[in-house]
Amino acid sequence: MKTEILRMLRETDGYVSGQQISERFGVSRTAVWKVIRQLQEEGYQVEAVRNRGYHMAGSPDVMTKEELDSVIRTKWAGREVCYYDMTDSTNLRIRQAADEGAPHGTLAVADCQTAGRGRRGRSWESPAGSSIYMSILLRPEIAPTRASMLTLVMACSVAEGISRSLEEQLDPSGGAEIPRIQIKWPNDIIINGKKLAGILTEMSAQIDYINYVTIGVGINVNQTGFPEEIRSTAVSLRMECGQALRRAPIIAAIMERLEENYAVFLKTEDLTGLMEQYSSMLVNRGRDVQVIGEKETYRAHALGITPTGELVVRREDGTEEEINAGEVSVRGVYGYV
């Protein structure tokens, strides 16, 4: 009921009477008042005016299951939320949920992680109250060889979802600028040359069958600074936008974009239908890069991606080749991008 009351308050411009709420949900006005008090204690600015009722005057950056359930409006992506105030890793939690039979689209979200990690086993800073840590469970009926493309589908969805949420949360008339969100191939989310978010995809599969895919996403939202070792390459939305942001609407926007982009991907089981929008955000496109492999490191010019997600580069001798994210890393010639 708490989720429904929260949604009802958000969707009503004026006041909602206690009687309206009690009749809609079949509970006493005392029960309604108890829920309102809980919301106020969690930080929601709910005004209570005699003979008028209740009004949502403002929403803080609250991260609870009820908050997430009240803002996510998708058909399947994130409709089932497993929320943790603190956990080891949302990727570990969602894999456990998958093994226990959780449905396609189940989303694990945490306010704090104690063992967050990124690609190639790197740790991911996971302080409480400032970032998004989430992992989604997918059960695609595709060949295991095509699962790696889901990383790029998620990268596209994260970049688009963040952009959409910033447009809704920021007030340009107050001087806030909406930064351009870009993708560093294959899946790092970038603002002004610094890393905003990382994505980690893992798969459980048989030889010719996918049991499930889990995709973890970590987004720096309200940090005001970073440890010295990553200060030159990391950034948060707050540092770029100049104001704190609500995390739950960002998650909701990403889930909406994922649901749409996933459907496009399934039509062809490749990135054909997403190449234009992905490429428009690709920071590497048209730039010189360092391709770092196990056997060699060389300079090349990035041209774009293939329908299956490889990066097309032109070597200095003019030859073109397609490189796979699982085999090489790509860096800027003079820096991170």
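The values are calculated or read from the model by the stated rules, or taken from the named source; none is laboratory data. Treat the numbers as computed from the prediction; the structure is a model and nothing was measured. Glycine also receives a Cβ, built like all others from the backbone with ideal geometry; neighbour counts cover every protein chain displayed.
Give me the helices (runs of 4 or more DSSP H) completely within the range 53-169, filtered to those with at least 3 residues that are within 30 Å of E310 (Cα to Cα), of a type in the set (V, I, T) and not assigned by TED's automatic domain parsing to the domain that holds L311, ordered by residue number.
Once the helices (runs of 4 or more DSSP H) in the range 53-169 are filtered for at least 3 residues that are within 30 Å of E310 (Cα to Cα), of a type in the set (V, I, T) and not assigned by TED's automatic domain parsing to the domain that holds L311, what remains is 149-169.
Screening the range 11-33 for residues that are within 33 Å of the chain's Cα centre (by Cα) and loosely packed, with under 13 Cβ neighbours inside 10 Å and picking the one that is farthest from P249 (Cα to Cα) gives G14. Please determine whether any residue of the range 117-134 is farther than 18 Å from E67 by Cβ and at pLDDT 85 or above. No: the range 117-134 contains no residue that is farther than 18 Å from E67 by Cβ and at pLDDT 85 or above. Of E310, E294, E322, E240, all but one fail to be under 18 Å from I183 (Cβ atoms), loosely packed, with under 15 Cβ neighbours inside 10 Å and acidic (D, E); the exception is E322. Selection of the range 71-91 for residues being within 22 Å of A128 (Cα to Cα) and within 17 Å of the chain's Cα centre (by Cα) yields V71, I72, G78, V81, C82, Y83, Y84, S89, T90, N91.
Residue-wise test of (1) under 28 Å from I142 (Cβ atoms); (2) in a loop (DSSP other than H, G, I, E, B).
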| residue | (1), (2) |
| --- | --- |
| G286 | no, yes |
| V289 | no, no |
| L303 | yes, no |
| G318 | no, yes |
| E327 | yes, yes |
| R331 | no, no |
| Y334 | no, yes |
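Among residues of the range 219-238 being farther than 16 Å from I251 by Cα and of a type in the set (G, A, S), the one that is modelled with the highest pLDDT is A234.
So, L170, is that one touching a helix residue (DSSP H, G or I) at 6+ places or on another chain (Cβ under 8 Å) and at pLDDT below 95 or not? Considered against the rule, which asks whether it is touching a helix residue (DSSP H, G or I) at 6+ places or on another chain (Cβ under 8 Å) and at pLDDT below 95, L170 comes out as yes. The set of residues in the range 207-226 being surrounded by fewer than 21 Cβ atoms within 10 Å (Cβ to Cβ) and either among the small types (G, A, S) or free of Cβ contacts under 8 Å to residues at least 24 places away in the same chain (or both) consists of T224, G225. The residue that is nearest to S70 (Cα to Cα), among those in the range 18-46 that are among the acidic types (D, E) and either assigned to a helix (DSSP H, G or I) or touching a residue at least 24 places away in the same chain (Cβ under 8 Å) (or both), is E41.
State the number of residues belonging to the range 239-267 that are touching a residue at least 24 places away in the same chain (Cβ under 8 Å), touching a strand residue (DSSP E or B) at 6+ places or on another chain (Cβ under 9 Å) and farther than 25 Å from E66 by Cβ. Total meeting the criteria: 2.
Which of the residues belonging to the range 286-337 are hydroxyl-bearing (S, T, Y) and over 24 Å from L196 (Cα atoms)? If the condition is that a residue be hydroxyl-bearing (S, T, Y) and over 24 Å from L196 (Cα atoms), then T297, Y298, T306, T308, T319 are the ones that fit.
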